[in-house]
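The values are calculated or read from the model by the stated rules, or taken from the named source; none is laboratory data. Here the structure is a predicted model, which means the values were calculated and not measured. Cβ sites come from the backbone with ideal geometry, for glycine too, and all protein chains shown count toward neighbours. Accessible surface is based on the protein model in full, side chains and every heavy atom, while ligands, DNA and RNA are left aside. Shrake-Rupley method; radii C 1.70, N 1.55, O 1.52, S 1.80 Å.
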Amino acid sequence: MNMERQAVECAREAFITGRSRPQKFRVEQLKSLLRMITDRQGEIATALKQDINRSQYDTPLYELIGLENEIILAMGKLSEWAAPRPMEKSILTLTDKVYIQPEPLGVVLIIGAWNYPWALTLQPLIGAIAAGNAAVVKPSELSEHSSALLRALLPQYLDQELYPVVTGGVSETQELLKQRFDHIFYTGNSTVGKLVMQAAARHLTPVTLEMGGKSPCFIDKDCDLRVACRRVTWGKFMNCGQTCIAPDYILCEPSIQNRVVEGIRQTLLEFYGPDPKSSPDYGRIINRRHFNRVMGLLEGYTAAVGGQSDSSQCYIAPTVVKDVPPHARIMQEEIFGPLLPIVPVSDLDDAIRFINEREKPLALYVFSCDKNTIKRMLAETTSGGVTVNDVMMHYTLNSLPFGGVGNSGMGRYHGKHTFDQLSHHRACLVRSLGMEGVNTARYPPQSRERARKARFALRSPLIDFSKRTFVWAVTVSIIAVGLLIALAVILFIASGLSCTCWYWQGWSLGKSPW
């Protein structure tokens, strides 16, 4: 039996024992994972420095703090997330228990990515643990130092049978995909995503595909260009442009193109100095193959900013190219590197048309001070997520779902969204064997009267018995009943007084009121 199949079978056998289900166990595993991140932060930073020249200060900011926040949130909210969720009832089910029960899916395969090898591998794992699943973890082989460290560390902190780590390249991943899983969570490009989905289809396994694409950035002429250029420059060139939600290209009117270029130039000088190659804050391309791919996208164009490179270090300077036509090679695929093309558009309508003619992006960025422009961009385009007047910041909120649409992916995660994505939402209706008379309308032999009663019951509106709504409804009902009773008493007293007055009036006139 090969290693991949053995890891999957071991995880499934461990899951079947049921030990991953108790909430106490889940919290203990999450605490251990948090301790790993805290204890081994120095080793993690060293591995990332070796993989992509990541600054020791950037590692906590870009990966570890977010992971810590996810774990703390999951531990604090787990009892709430995993609790039965009461649902609305109909008139036929008023006395029944009606609820959704989140329950574990089973064994989850997590295929991580190399650009943020810790965050993009461990975030899904946090949700898998919180939801009570077992998980086979497959880190990317391209970030080899991080992959080796993860394989060494995870078994020291987590249950080795429930959460095995499988390392290796394409052949190992292909072998894993031959096995049956209950969910596959993949982060990477759309080409491999399609292969993952094909493999999952053989077992009818659901998938979460977190991919990328070309995320547009529209800069309106009526905005603070200095601030816009600072924020775009930060988002585009952090991690050497190797971020799935980095602004892939800029759309702006020709009248402001040169000002945008100059704004980015000045910001690069501030961020990385006159020589980004010597800056400790500027990264490197992951390997020579990706270096050649990114440099190939630049062929035939003169850089307005940057353009320098060093293949021996996989270094490509932050580069801006202006007046890029829509049919250019650099506009046909996700760049995933430090190249920023500027595509001139005539106006807002042209920008919206340009975005909608292409695949739906993972992210969309809009810089504008005009509320109508922002409103139109949000209403007339679609994307996995959107940030207005900044870039990538929607990713930092675990209250928001993160995921793509169409070619940029399917499914969502972060915070409770990961828990829900990796849980089965079981519909539950618990009835008693009493009150059988209520059911006669649905039993044969049918008649017009029975059909009328059944129709009335089935068409009755749903009633929300959630705590807050129910308490409010009961309170209003009590007040209404009280008012009706008070009104009846007043009418009764009033009618009594009227009769009494009529009676005494008759006697005063010497006449019997009868």
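Descriptive notes on the structure:
- Within region 208-226, being open to solvent by 20 Å² or more (accessible area, probe 1.4 Å) and in contact with a Phe, Trp or Tyr (Cβ under 8 Å, 6 or more places away or on another chain) holds for Lys214, Cys223.
- Of all residues in region 165-191, those being part of a helix (DSSP H, G or I), β-branched (Val, Ile, Thr) and buried (at least 16 other Cβ atoms within 10 Å of the Cβ) number 1.
- Scanning region 360-371 for residues that are open to solvent by 20 Å² or more (accessible area, probe 1.4 Å), touching a residue at least 12 places away in the same chain (Cβ under 8 Å) and more than 17 Å from Glu334 (Cα to Cα) turns up Cys369, Asp370.
- Looking only at region 91-105, residues that are surrounded by 21 or more Cβ atoms within 10 Å (Cβ to Cβ) and touching a helix residue (DSSP H, G or I) at 6+ places or on another chain (Cβ under 7 Å) come to 0 in all.
- Residue in region 93-102 that is farther than 21 Å from Ser423 by Cα and assigned to a helix (DSSP H, G or I) present: yes
- Residue in region 199-207 that is open to solvent by 30 Å² or more (accessible area, probe 1.4 Å) and closer than 28 Å to Lys277 by Cα present: no
- Here Trp114 clears all of (1) assigned to a helix (DSSP H, G or I); (2) touching a residue at least 60 places away in the same chain (Cβ under 8 Å) except the condition numbered (1).
- Those residues of region 9-66 which are under 24 Å from Ser79 (Cβ atoms), assigned to a helix (DSSP H, G or I), free of Cβ contacts under 8 Å to residues at least 24 places away in the same chain and of a type outside the set (D, E, K, R), in sequence order: Phe25
Yes/no per residue for (1) under 25 Å from Val196 (Cβ atoms); (2) open to solvent by 50 Å² or more (accessible area, probe 1.4 Å); (3) in a loop (DSSP other than H, G, I, E, B):
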{"site": "Thr373", "(1), (2), (3)": "no, no, no"}
{"site": "Ser383", "(1), (2), (3)": "yes, no, yes"}
{"site": "Tyr395", "(1), (2), (3)": "yes, yes, no"}
{"site": "Leu400", "(1), (2), (3)": "yes, yes, yes"}
{"site": "Arg426", "(1), (2), (3)": "no, yes, no"}
{"site": "Ser432", "(1), (2), (3)": "no, yes, yes"}
